[in-house]
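Since every read-out is calculated from the coordinates, none of them should be taken as a lab result. In this text, all values refer to a predicted model and were calculated from it rather than measured experimentally. Note that each Cβ is placed from the backbone with ideal geometry, even for glycine, and that neighbours are counted across all protein chains shown.
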Amino acid sequence: MDEITETVVYEEGSEENSEALLEKFEDRKKLRLDDVAATQAVICVLAAAALFVTNLLYPDTAQAFFDKLRHCMTDSTYILPNPVDSLISYLQSR
């Protein structure tokens, strides 16, 4: 079987040299931090809108959900136990 190999050589003055690729990578890296904050903001707005609509259609269900959410926010214990802490406490009990 014949294999086709392609070698790409970038000229010193071309746009695709290593410096240009590094700049593109750094630009993309900087944008990702803003993307995380924007995504969290969108999720927060969508959750608030969903809670508002649920309150209009099913007020009892929305109240129960909001009470559970308030309890989770003010509770000092973890919602999900830390598996490492569980393993350590199990090993210490033996």
Less than 13 Å Cβ to Cβ from residue 41, Lys/Arg counted +1 and Asp/Glu -1: what total charge do the surrounding residues give? -2
Neighbours of residue 54 by Cβ distance under 14 Å: Lys/Arg at +1, Asp/Glu at -1, summed charge -1
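Computed FRET efficiency, Cβ-Cβ of residue 55 and residue 75, R0 22 Å: what is it to the nearest 0.05?
Values: r = 23 Å, r/R0 = 1.03.
Efficiency at R0 = 22 Å is approximately 0.45.
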